[in-house]
Amino acid sequence: MALQAAALLPSAFSIPKEGKASATLKDSSLFGISLSDHIKSDFGSSSFKIKSQRRLSHGAIRAETMVATPGVTNATVSGKKTLRKGCVVVTGASSGLGLATAKALAETGKWHVIMACRDFLKTERAAKSAGMPKENYTIMHLDLASLHSVRQFVDNFRRSGRPLDVLVCNAAVYQPTAKEPSFTADGFELSVGTNHLGHFLLSRLLLDDLKQSDYPSKRLIIVGSITGNTNTLAGNVPPKANLGDLRGLARGLDGLNSSAMIDGGDFDGAKAYKDSKVCNMLTMQEFHRRYHEETGITFASLYPGCIATTGLFREHIPLFRLLFPPFQKYITKGFVSETESGKRLAQVVSDPSLTKSGVYWSWNKNSSSFENQLSQEASDAEKARKVWEVSEKLVGLV
Ligand code: NDP
Ligand code: PMR
(Lines give C-alpha, C1' and ligand atoms only; values in the text may rest on other atoms or scores of the structure.)
(Ligands and ions follow the chains in the order given, each with its own letter.)
Protein backbone atom coordinates (compact mmCIF):
# COMPACT_ATOMS: atom_id res chain seq x y z
CA MET A 1 0.00 0.00 0.00
CA ALA A 2 1.36 3.37 -0.85
CA LEU A 3 0.65 5.98 1.77
CA GLN A 4 1.51 9.41 0.55
CA ALA A 5 -0.34 11.50 3.06
CA ALA A 6 2.34 14.14 3.40
CA ALA A 7 2.05 15.07 -0.22
CA LEU A 8 -1.58 15.91 0.35
CA LEU A 9 -0.99 18.15 3.31
CA PRO A 10 0.08 21.76 3.58
CA SER A 11 3.46 22.47 5.16
CA ALA A 12 1.88 23.84 8.34
CA PHE A 13 -1.37 22.98 10.03
CA SER A 14 -3.27 23.42 13.24
CA ILE A 15 -5.51 20.95 14.97
CA PRO A 16 -8.42 22.64 16.66
CA LYS A 17 -10.40 19.63 17.85
CA GLU A 18 -8.93 16.40 19.14
CA GLY A 19 -6.74 16.92 22.17
CA LYS A 20 -7.11 20.68 21.61
CA ALA A 21 -3.52 20.50 20.42
CA SER A 22 -2.17 23.16 18.16
CA ALA A 23 0.65 21.77 16.10
CA THR A 24 2.92 22.89 13.32
CA LEU A 25 4.11 20.44 10.73
CA LYS A 26 7.34 21.80 9.32
CA ASP A 27 8.49 18.75 7.44
CA SER A 28 5.99 16.01 6.83
CA SER A 29 8.08 14.22 4.24
CA LEU A 30 8.95 11.53 6.80
CA PHE A 31 5.58 9.96 6.21
CA GLY A 32 5.39 10.60 2.51
CA ILE A 33 7.25 7.39 1.89
CA SER A 34 5.77 4.32 0.30
CA LEU A 35 5.05 1.92 3.10
CA SER A 36 5.03 -1.22 1.08
CA ASP A 37 7.35 -3.60 2.92
CA HIS A 38 5.88 -6.59 4.59
CA ILE A 39 6.66 -7.35 8.20
CA LYS A 40 5.99 -10.75 9.63
CA SER A 41 3.35 -10.78 12.36
CA ASP A 42 4.57 -11.92 15.77
CA PHE A 43 1.28 -13.26 17.00
CA GLY A 44 1.98 -15.53 19.90
CA SER A 45 0.61 -18.95 20.60
CA SER A 46 -2.38 -19.34 22.84
CA SER A 47 -2.61 -21.01 26.18
CA PHE A 48 -4.91 -20.39 29.05
CA LYS A 49 -5.86 -20.74 32.66
CA ILE A 50 -9.38 -21.20 33.96
CA LYS A 51 -10.08 -20.74 37.65
CA SER A 52 -12.69 -23.46 37.91
CA GLN A 53 -12.78 -26.42 35.56
CA ARG A 54 -16.11 -27.83 36.70
CA ARG A 55 -18.41 -28.79 33.85
CA LEU A 56 -21.85 -27.34 34.37
CA SER A 57 -24.84 -26.80 32.17
CA HIS A 58 -25.40 -23.22 31.03
CA GLY A 59 -28.23 -22.74 33.55
CA ALA A 60 -26.12 -24.08 36.39
CA ILE A 61 -23.26 -21.72 35.55
CA ARG A 62 -25.53 -18.74 35.77
CA ALA A 63 -26.97 -19.95 39.07
CA GLU A 64 -23.47 -20.33 40.49
CA THR A 65 -22.55 -16.84 39.29
CA MET A 66 -25.52 -15.40 41.11
CA VAL A 67 -24.84 -17.26 44.34
CA ALA A 68 -21.13 -16.50 44.31
CA THR A 69 -21.52 -12.80 43.59
CA PRO A 70 -20.56 -10.98 46.76
CA GLY A 71 -22.72 -8.13 48.05
CA VAL A 72 -21.63 -4.72 46.91
CA THR A 73 -20.50 -3.73 50.39
CA ASN A 74 -18.37 -5.59 52.90
CA ALA A 75 -18.70 -4.96 56.63
CA THR A 76 -15.37 -4.08 58.26
CA VAL A 77 -14.32 -4.87 61.85
CA SER A 78 -15.35 -1.38 62.94
CA GLY A 79 -18.79 -2.04 61.51
CA LYS A 80 -18.33 0.43 58.65
CA LYS A 81 -19.35 -0.72 55.22
CA THR A 82 -16.86 -0.47 52.36
CA LEU A 83 -17.40 -0.95 48.66
CA ARG A 84 -16.24 -4.37 47.50
CA LYS A 85 -13.53 -4.66 44.86
CA GLY A 86 -14.91 -4.02 41.41
CA CYS A 87 -14.37 -6.66 38.76
CA VAL A 88 -13.30 -5.42 35.35
CA VAL A 89 -12.63 -7.44 32.21
CA VAL A 90 -10.02 -5.86 29.92
CA THR A 91 -9.48 -7.42 26.50
CA GLY A 92 -5.99 -7.20 25.01
CA ALA A 93 -4.39 -6.55 28.40
CA SER A 94 -1.10 -8.21 27.41
CA SER A 95 0.44 -5.01 26.09
CA GLY A 96 0.09 -1.31 25.38
CA LEU A 97 -3.04 0.49 26.52
CA GLY A 98 -4.72 -2.63 27.90
CA LEU A 99 -1.75 -3.57 30.08
CA ALA A 100 -1.26 0.00 31.32
CA THR A 101 -4.96 0.20 32.20
CA ALA A 102 -4.91 -3.17 33.95
CA LYS A 103 -1.88 -2.05 35.96
CA ALA A 104 -3.40 1.32 36.87
CA LEU A 105 -6.59 -0.37 38.11
CA ALA A 106 -4.91 -3.29 39.90
CA GLU A 107 -2.58 -0.95 41.77
CA THR A 108 -5.46 0.92 43.37
CA GLY A 109 -6.43 -2.26 45.23
CA LYS A 110 -10.04 -1.43 44.37
CA TRP A 111 -10.25 -3.59 41.28
CA HIS A 112 -9.78 -7.19 40.29
CA VAL A 113 -8.75 -7.22 36.65
CA ILE A 114 -9.61 -10.10 34.36
CA MET A 115 -6.96 -9.89 31.66
CA ALA A 116 -8.74 -11.40 28.66
CA CYS A 117 -5.93 -12.36 26.31
CA ARG A 118 -4.99 -14.82 23.59
CA ASP A 119 -1.46 -15.50 24.86
CA PHE A 120 -1.34 -16.58 28.50
CA LEU A 121 2.45 -16.66 28.92
CA LYS A 122 2.97 -13.28 27.32
CA THR A 123 0.29 -11.80 29.58
CA GLU A 124 1.66 -13.42 32.73
CA ARG A 125 5.14 -12.08 31.97
CA ALA A 126 3.75 -8.63 31.17
CA ALA A 127 1.72 -8.50 34.40
CA LYS A 128 4.74 -9.62 36.43
CA SER A 129 7.15 -7.20 34.86
CA ALA A 130 4.64 -4.37 35.28
CA GLY A 131 4.62 -5.28 38.99
CA MET A 132 0.87 -5.89 39.17
CA PRO A 133 -0.18 -7.25 42.58
CA LYS A 134 -0.98 -10.88 41.84
CA GLU A 135 -4.09 -11.01 44.01
CA ASN A 136 -5.60 -8.28 41.85
CA TYR A 137 -5.62 -10.00 38.47
CA THR A 138 -6.59 -13.21 36.73
CA ILE A 139 -5.67 -14.13 33.18
CA MET A 140 -8.35 -15.81 31.08
CA HIS A 141 -8.05 -16.96 27.51
CA LEU A 142 -9.86 -15.00 24.82
CA ASP A 143 -9.15 -15.02 21.11
CA LEU A 144 -11.39 -12.40 19.55
CA ALA A 145 -10.63 -13.78 16.11
CA SER A 146 -12.78 -16.81 16.92
CA LEU A 147 -16.45 -16.59 17.85
CA HIS A 148 -16.15 -19.99 19.51
CA SER A 149 -13.40 -18.64 21.74
CA VAL A 150 -15.53 -15.61 22.61
CA ARG A 151 -18.38 -17.87 23.72
CA GLN A 152 -15.96 -20.08 25.61
CA PHE A 153 -14.52 -17.05 27.40
CA VAL A 154 -18.01 -15.99 28.48
CA ASP A 155 -18.69 -19.50 29.86
CA ASN A 156 -15.35 -19.59 31.65
CA PHE A 157 -15.88 -16.15 33.11
CA ARG A 158 -19.29 -17.17 34.43
CA ARG A 159 -17.78 -20.30 35.97
CA SER A 160 -15.30 -18.13 37.86
CA GLY A 161 -18.21 -16.89 39.94
CA ARG A 162 -17.04 -13.30 39.77
CA PRO A 163 -19.48 -10.49 39.10
CA LEU A 164 -18.96 -8.32 36.02
CA ASP A 165 -18.95 -4.64 36.88
CA VAL A 166 -17.06 -3.15 33.93
CA LEU A 167 -16.15 -4.52 30.50
CA VAL A 168 -13.40 -2.84 28.47
CA CYS A 169 -13.22 -3.76 24.78
CA ASN A 170 -9.65 -2.71 24.05
CA ALA A 171 -7.87 -5.36 21.94
CA ALA A 172 -7.14 -4.60 18.31
CA VAL A 173 -5.06 -5.57 15.31
CA TYR A 174 -3.76 -3.22 12.64
CA GLN A 175 -2.40 -4.50 9.31
CA PRO A 176 -1.23 -1.45 7.38
CA THR A 177 1.22 -3.30 5.14
CA ALA A 178 -0.89 -6.34 4.27
CA LYS A 179 -1.40 -6.71 0.54
CA GLU A 180 -4.03 -9.40 0.89
CA PRO A 181 -6.66 -9.77 3.59
CA SER A 182 -6.35 -12.40 6.26
CA PHE A 183 -9.31 -13.90 8.02
CA THR A 184 -10.64 -14.93 11.42
CA ALA A 185 -11.61 -18.51 12.27
CA ASP A 186 -15.12 -17.67 11.07
CA GLY A 187 -13.93 -16.22 7.76
CA PHE A 188 -14.27 -12.49 8.44
CA GLU A 189 -11.55 -10.06 7.40
CA LEU A 190 -9.19 -10.02 10.39
CA SER A 191 -9.26 -6.37 11.55
CA VAL A 192 -13.01 -5.90 11.46
CA GLY A 193 -13.53 -9.52 12.57
CA THR A 194 -11.34 -9.03 15.65
CA ASN A 195 -11.75 -5.38 16.57
CA HIS A 196 -15.48 -5.13 15.88
CA LEU A 197 -17.23 -8.48 15.44
CA GLY A 198 -15.38 -10.33 18.24
CA HIS A 199 -16.05 -7.47 20.65
CA PHE A 200 -19.62 -7.15 19.40
CA LEU A 201 -20.40 -10.75 20.33
CA LEU A 202 -18.49 -10.48 23.61
CA SER A 203 -20.29 -7.36 24.74
CA ARG A 204 -23.71 -8.58 23.66
CA LEU A 205 -23.24 -11.79 25.63
CA LEU A 206 -21.79 -10.08 28.70
CA LEU A 207 -24.52 -7.44 28.80
CA ASP A 208 -26.61 -9.85 30.90
CA ASP A 209 -23.76 -10.21 33.37
CA LEU A 210 -23.34 -6.45 33.62
CA LYS A 211 -27.07 -6.11 34.24
CA GLN A 212 -26.79 -8.53 37.16
CA SER A 213 -23.99 -6.61 38.85
CA ASP A 214 -24.94 -4.65 41.95
CA TYR A 215 -21.91 -2.36 41.64
CA PRO A 216 -22.86 1.32 41.87
CA SER A 217 -21.46 2.24 38.45
CA LYS A 218 -21.56 -0.42 35.76
CA ARG A 219 -19.80 0.41 32.53
CA LEU A 220 -19.17 -0.94 29.05
CA ILE A 221 -16.28 0.79 27.32
CA ILE A 222 -15.24 0.33 23.71
CA VAL A 223 -11.95 1.94 22.70
CA GLY A 224 -12.30 4.19 19.64
CA SER A 225 -9.80 6.40 17.84
CA ILE A 226 -9.20 9.73 16.24
CA THR A 227 -8.21 8.01 13.00
CA GLY A 228 -11.78 6.76 12.50
CA ASN A 229 -13.10 10.32 12.80
CA THR A 230 -12.93 12.27 9.56
CA ASN A 231 -13.74 15.53 11.38
CA THR A 232 -10.07 15.61 12.47
CA LEU A 233 -6.78 16.08 10.67
CA ALA A 234 -5.61 12.60 11.70
CA GLY A 235 -8.85 11.13 10.36
CA ASN A 236 -8.17 12.74 7.00
CA VAL A 237 -4.88 10.97 6.43
CA PRO A 238 -5.61 8.51 3.59
CA PRO A 239 -7.06 5.96 3.46
CA LYS A 240 -10.06 7.46 5.24
CA ALA A 241 -12.62 5.45 7.16
CA ASN A 242 -15.85 4.97 5.25
CA LEU A 243 -18.40 2.21 5.77
CA GLY A 244 -20.36 3.10 2.64
CA ASP A 245 -23.66 1.25 2.44
CA LEU A 246 -22.23 -1.75 4.37
CA ARG A 247 -22.55 -4.05 1.37
CA GLY A 248 -19.32 -5.94 2.16
CA LEU A 249 -20.24 -6.41 5.81
CA ALA A 250 -23.73 -7.57 4.90
CA ARG A 251 -22.20 -10.25 2.66
CA GLY A 252 -19.88 -11.51 5.36
CA LEU A 253 -16.49 -9.85 4.64
CA ASP A 254 -15.20 -13.18 3.43
CA GLY A 255 -13.24 -12.00 0.40
CA LEU A 256 -14.82 -14.79 -1.67
CA ASN A 257 -18.49 -14.10 -2.27
CA SER A 258 -17.94 -10.53 -1.25
CA SER A 259 -15.30 -7.95 -0.65
CA ALA A 260 -13.24 -8.19 2.54
CA MET A 261 -14.05 -4.52 3.17
CA ILE A 262 -17.17 -3.18 4.86
CA ASP A 263 -17.92 -0.79 1.98
CA GLY A 264 -17.41 -3.49 -0.63
CA GLY A 265 -14.19 -1.93 -2.00
CA ASP A 266 -10.69 -3.28 -2.60
CA PHE A 267 -8.79 -4.54 0.42
CA ASP A 268 -6.78 -1.94 2.32
CA GLY A 269 -5.52 -2.97 5.75
CA ALA A 270 -5.21 0.55 7.15
CA LYS A 271 -8.75 1.41 6.05
CA ALA A 272 -10.09 -1.85 7.46
CA TYR A 273 -8.67 -0.86 10.87
CA LYS A 274 -10.15 2.64 10.71
CA ASP A 275 -13.52 1.21 9.59
CA SER A 276 -13.40 -1.18 12.56
CA LYS A 277 -12.89 1.80 14.89
CA VAL A 278 -15.95 3.51 13.37
CA CYS A 279 -17.92 0.32 14.08
CA ASN A 280 -16.61 0.38 17.68
CA MET A 281 -17.81 3.96 18.18
CA LEU A 282 -21.17 3.30 16.49
CA THR A 283 -21.69 0.16 18.59
CA MET A 284 -21.12 2.08 21.81
CA GLN A 285 -23.78 4.63 20.83
CA GLU A 286 -26.25 1.95 19.74
CA PHE A 287 -25.78 0.19 23.09
CA HIS A 288 -26.47 3.52 24.76
CA ARG A 289 -29.67 4.09 22.79
CA ARG A 290 -30.96 0.57 23.35
CA TYR A 291 -29.91 -0.16 26.92
CA HIS A 292 -28.81 2.83 28.96
CA GLU A 293 -32.20 3.88 30.26
CA GLU A 294 -33.36 0.36 31.01
CA THR A 295 -30.14 -0.86 32.70
CA GLY A 296 -28.38 2.23 34.04
CA ILE A 297 -25.16 0.94 32.47
CA THR A 298 -22.77 3.66 31.27
CA PHE A 299 -21.66 3.10 27.68
CA ALA A 300 -18.56 5.04 26.63
CA SER A 301 -15.82 5.26 24.03
CA LEU A 302 -12.60 7.22 23.99
CA TYR A 303 -9.56 8.36 22.11
CA PRO A 304 -6.74 7.81 24.60
CA GLY A 305 -4.16 9.91 22.70
CA CYS A 306 -1.52 8.74 20.25
CA ILE A 307 0.34 5.94 22.04
CA ALA A 308 2.95 5.70 19.33
CA THR A 309 5.13 3.10 21.07
CA THR A 310 2.67 0.20 21.38
CA GLY A 311 2.52 -3.15 19.63
CA LEU A 312 -0.29 -1.85 17.43
CA PHE A 313 2.33 -0.81 14.90
CA ARG A 314 4.18 -4.15 14.94
CA GLU A 315 3.31 -4.86 11.31
CA HIS A 316 4.35 -1.44 10.08
CA ILE A 317 7.75 -1.07 8.38
CA PRO A 318 10.71 -0.50 10.75
CA LEU A 319 11.23 3.07 9.49
CA PHE A 320 7.66 3.97 10.46
CA ARG A 321 8.12 2.47 13.92
CA LEU A 322 11.32 4.45 14.36
CA LEU A 323 9.95 7.81 13.23
CA PHE A 324 6.33 7.66 14.37
CA PRO A 325 6.98 8.35 18.11
CA PRO A 326 9.16 11.47 17.55
CA PHE A 327 6.76 12.66 14.82
CA GLN A 328 3.86 12.48 17.26
CA LYS A 329 5.91 13.83 20.18
CA TYR A 330 7.52 16.85 18.54
CA ILE A 331 5.42 17.65 15.48
CA THR A 332 1.76 16.84 16.09
CA LYS A 333 2.22 16.87 19.89
CA GLY A 334 -0.45 14.18 20.02
CA PHE A 335 1.87 11.65 21.71
CA VAL A 336 1.01 10.09 25.06
CA SER A 337 2.97 7.50 27.00
CA GLU A 338 1.49 4.07 27.66
CA THR A 339 1.31 4.92 31.36
CA GLU A 340 -0.61 8.14 30.72
CA SER A 341 -3.01 6.44 28.31
CA GLY A 342 -3.62 3.71 30.90
CA LYS A 343 -4.54 6.34 33.48
CA ARG A 344 -6.99 7.83 31.02
CA LEU A 345 -8.76 4.57 30.29
CA ALA A 346 -8.70 3.70 34.01
CA GLN A 347 -10.55 6.99 34.61
CA VAL A 348 -13.24 5.97 32.16
CA VAL A 349 -13.52 2.68 34.07
CA SER A 350 -13.72 4.08 37.57
CA ASP A 351 -13.82 7.86 37.88
CA PRO A 352 -17.06 8.97 39.52
CA SER A 353 -17.13 12.06 37.32
CA LEU A 354 -17.14 10.05 34.07
CA THR A 355 -20.49 8.30 34.46
CA LYS A 356 -22.24 10.00 31.56
CA SER A 357 -23.37 7.48 28.97
CA GLY A 358 -23.05 7.71 25.20
CA VAL A 359 -19.89 9.82 25.40
CA TYR A 360 -16.67 9.69 23.35
CA TRP A 361 -14.02 10.96 25.77
CA SER A 362 -10.81 12.72 24.83
CA TRP A 363 -8.17 14.59 26.81
CA ASN A 364 -6.65 18.00 26.30
CA LYS A 365 -3.00 19.02 26.64
CA ASN A 366 -3.35 19.26 30.41
CA SER A 367 -4.75 15.74 30.48
CA SER A 368 -8.24 16.91 31.44
CA SER A 369 -11.04 14.85 29.96
CA PHE A 370 -13.70 16.37 27.75
CA GLU A 371 -16.66 15.10 25.73
CA ASN A 372 -15.53 15.06 22.13
CA GLN A 373 -17.50 15.28 18.89
CA LEU A 374 -17.56 12.27 16.64
CA SER A 375 -17.48 12.59 12.85
CA GLN A 376 -20.72 12.58 10.93
CA GLU A 377 -20.37 8.93 9.98
CA ALA A 378 -19.26 7.84 13.46
CA SER A 379 -22.37 9.47 14.95
CA ASP A 380 -24.88 8.39 12.29
CA ALA A 381 -27.69 6.72 14.24
CA GLU A 382 -29.17 5.01 11.18
CA LYS A 383 -25.80 3.52 10.26
CA ALA A 384 -25.27 2.42 13.85
CA ARG A 385 -28.58 0.53 13.75
CA LYS A 386 -27.63 -1.15 10.47
CA VAL A 387 -24.15 -2.11 11.70
CA TRP A 388 -25.79 -3.57 14.82
CA GLU A 389 -28.35 -5.58 12.84
CA VAL A 390 -25.89 -6.90 10.25
CA SER A 391 -23.34 -7.72 12.96
CA GLU A 392 -25.81 -9.70 15.06
CA LYS A 393 -26.56 -11.87 12.05
CA LEU A 394 -22.86 -12.41 11.30
CA VAL A 395 -22.01 -13.49 14.85
CA GLY A 396 -25.04 -15.77 15.09
CA LEU A 397 -27.11 -13.86 17.63
CA VAL A 398 -30.23 -13.84 15.45
P1 NDP B 1 -1.23 -3.26 21.33
O2 NDP B 1 -0.88 -4.00 20.09
O3 NDP B 1 -0.17 -2.96 22.30
O4 NDP B 1 -2.39 -4.03 22.09
C5 NDP B 1 -3.38 -4.71 21.41
C6 NDP B 1 -3.85 -5.86 22.26
O7 NDP B 1 -4.87 -6.57 21.54
C8 NDP B 1 -2.76 -6.88 22.57
O9 NDP B 1 -2.92 -7.28 23.91
C10 NDP B 1 -3.08 -8.02 21.63
O11 NDP B 1 -2.68 -9.29 22.10
C12 NDP B 1 -4.58 -7.93 21.63
N13 NDP B 1 -5.17 -8.71 20.56
C14 NDP B 1 -4.93 -8.62 19.24
N15 NDP B 1 -5.62 -9.56 18.59
C16 NDP B 1 -6.32 -10.25 19.51
C17 NDP B 1 -7.19 -11.36 19.45
N18 NDP B 1 -7.49 -11.97 18.30
N19 NDP B 1 -7.72 -11.82 20.60
C20 NDP B 1 -7.41 -11.24 21.77
N21 NDP B 1 -6.57 -10.20 21.89
C22 NDP B 1 -6.03 -9.73 20.77
O23 NDP B 1 -1.96 -1.91 20.83
P24 NDP B 1 -2.57 -0.66 21.63
O25 NDP B 1 -2.39 -0.82 23.08
O26 NDP B 1 -2.08 0.54 20.97
O27 NDP B 1 -4.11 -0.79 21.26
C28 NDP B 1 -5.11 -0.89 22.23
C29 NDP B 1 -6.35 -0.16 21.78
O30 NDP B 1 -6.07 1.23 21.67
C31 NDP B 1 -6.87 -0.59 20.42
O32 NDP B 1 -8.28 -0.67 20.48
C33 NDP B 1 -6.47 0.55 19.50
O34 NDP B 1 -7.36 0.67 18.42
C35 NDP B 1 -6.60 1.71 20.45
N36 NDP B 1 -5.88 2.92 20.09
C37 NDP B 1 -4.52 2.92 20.02
C38 NDP B 1 -3.86 4.08 19.69
C39 NDP B 1 -2.38 4.14 19.60
O40 NDP B 1 -1.88 5.23 19.26
N41 NDP B 1 -1.64 3.08 19.89
C42 NDP B 1 -4.60 5.32 19.42
C43 NDP B 1 -6.03 5.18 19.51
C44 NDP B 1 -6.62 4.04 19.86
P45 NDP B 1 -1.22 -9.93 21.81
O46 NDP B 1 -0.34 -9.31 22.85
O47 NDP B 1 -1.45 -11.37 22.02
O48 NDP B 1 -0.86 -9.55 20.44
MG1 PMR C 1 -1.39 10.21 12.32
C2 PMR C 1 -2.81 16.01 15.08
C3 PMR C 1 -2.35 15.25 14.20
C4 PMR C 1 -2.32 13.79 14.25
C5 PMR C 1 -2.66 12.92 15.26
C6 PMR C 1 -3.18 13.24 16.63
C7 PMR C 1 -2.44 11.61 14.77
C8 PMR C 1 -2.73 10.45 15.46
N9 PMR C 1 -1.94 11.69 13.49
C10 PMR C 1 -1.85 13.04 13.15
C11 PMR C 1 -1.41 13.56 11.95
C12 PMR C 1 -0.83 12.86 10.93
N13 PMR C 1 -0.67 11.51 10.88
C14 PMR C 1 -0.29 13.42 9.71
C15 PMR C 1 -0.28 14.88 9.39
C16 PMR C 1 0.18 12.40 8.96
C17 PMR C 1 0.82 12.45 7.58
C18 PMR C 1 2.18 12.84 7.62
C19 PMR C 1 -0.04 11.20 9.71
C20 PMR C 1 0.33 9.94 9.26
C21 PMR C 1 0.00 8.77 9.97
C22 PMR C 1 0.25 7.43 9.56
C23 PMR C 1 0.96 6.96 8.34
N24 PMR C 1 -0.68 8.75 11.19
C25 PMR C 1 -0.86 7.48 11.51
C26 PMR C 1 -0.33 6.65 10.56
C27 PMR C 1 -0.57 5.30 10.97
O28 PMR C 1 -0.27 4.26 10.39
C29 PMR C 1 -1.37 5.34 12.22
C30 PMR C 1 -2.74 4.83 11.93
O31 PMR C 1 -3.48 5.37 11.17
O32 PMR C 1 -3.12 3.77 12.59
C33 PMR C 1 -4.46 3.38 12.29
C34 PMR C 1 -1.45 6.80 12.57
C35 PMR C 1 -1.98 7.48 13.65
N36 PMR C 1 -2.02 8.84 13.75
C37 PMR C 1 -2.54 9.19 14.97
C38 PMR C 1 -2.89 8.00 15.66
C39 PMR C 1 -3.50 7.96 17.02
C40 PMR C 1 -2.55 6.96 14.86
C41 PMR C 1 -2.65 5.49 15.20
C42 PMR C 1 -3.47 4.82 16.00
C43 PMR C 1 -4.96 4.67 15.90
O44 PMR C 1 -5.71 5.40 15.34
O45 PMR C 1 -5.38 3.74 16.51
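The values are calculated or read from the model by the stated rules, or taken from the named source; none is laboratory data. This is a predicted model, so every value here is computed, not measured. Here the Cβ positions follow ideal geometry from the backbone for every residue, glycine too, while neighbour counts run over all protein chains shown. What goes into the accessible areas is simple: the full protein's heavy atoms, side chains included, and nothing from ligands, DNA or RNA. Shrake-Rupley method; radii C 1.70, N 1.55, O 1.52, S 1.80 Å.
Checking the condition surrounded by fewer than 24 Cβ atoms within 10 Å (Cβ to Cβ), farther than 21 Å from E389 by Cα and under 13 Å from the mean Cα position of the chain (by Cα), which residue from L312, L302 passes?
L312
Taking the residues in the stretch 260-297 that are surrounded by fewer than 19 Cβ atoms within 10 Å (Cβ to Cβ) and small (G, A, S) as candidates, determine which candidate is farthest from K179 (Cα to Cα).
Looking at the filtered set, the residue picked out is G296.
Do we find a residue being in a helix (DSSP H, G or I), more than 11 Å from ligand 1 (Cβ to nearest atom) and surrounded by fewer than 24 Cβ atoms within 10 Å (Cβ to Cβ) anywhere in the stretch 173-192?
In the first step, residues of the stretch 173-192 are kept if they are in a helix (DSSP H, G or I); the result is 190-192.
Among the residues that remain, those that are also more than 11 Å from ligand 1 (Cβ to nearest atom) are: 192.
Going one step further and asking which of them are surrounded by fewer than 24 Cβ atoms within 10 Å (Cβ to Cβ), we end up with none.
No, the stretch 173-192 contains no residue that is in a helix (DSSP H, G or I), more than 11 Å from ligand 1 (Cβ to nearest atom) and surrounded by fewer than 24 Cβ atoms within 10 Å (Cβ to Cβ).
Tell me which residues, restricted to the stretch 372-393, are in contact with a Phe, Trp or Tyr (Cβ under 7 Å, 6 or more places away or on another chain) and either open to solvent by 30 Å² or more (accessible area, probe 1.4 Å) or part of a loop (DSSP other than H, G, I, E, B) (or both).
First pass over the stretch 372-393, keeping only residues in contact with a Phe, Trp or Tyr (Cβ under 7 Å, 6 or more places away or on another chain): 372, 374, 391.
Within the stretch 372-393, N372, L374 meet the criteria.
For residues in the stretch 214-227 being near ligand 2 (Cβ under 7 Å from one of its atoms) and in contact (Cβ under 8 Å) with a residue 60 or more places away in the chain, which is farthest from T355 (Cα to Cα)?
Top of the filtered list is I226.
Just name the residue that is nearest to the chain's Cα centre (by Cα) out of those in the stretch 315-336 that are assigned to a loop (DSSP other than H, G, I, E, B) and aliphatic (A, V, I, L, M).
V336
Considering S337, S369, which residue is more than 13 Å from ligand 2 (Cβ to nearest atom) and farther than 23 Å from T283 by Cβ? Write out each step before concluding.
Numbers: S369 fails: farther than 23 Å from T283 by Cβ.
Matching residue, one of S337, S369: S337.
Are there any pairs with C-beta distances below 9 angstrom linking a residue in the stretch 289-303 that is within 16 Å of ligand 1 (Cβ to nearest atom) to a residue that is of a type in the set (D, E, K, R) and at pLDDT below 95, with the two at least 6 apart or on different chains, and if so which?
Matching pairs, first to second residue: Y303/E18.
Considering only the stretch 109-120, I want to know if a residue exists there that is surrounded by 24 or more Cβ atoms within 10 Å (Cβ to Cβ) and either on the phi > 0 side of the Ramachandran plot or in a helix (DSSP H, G or I) (or both).
no
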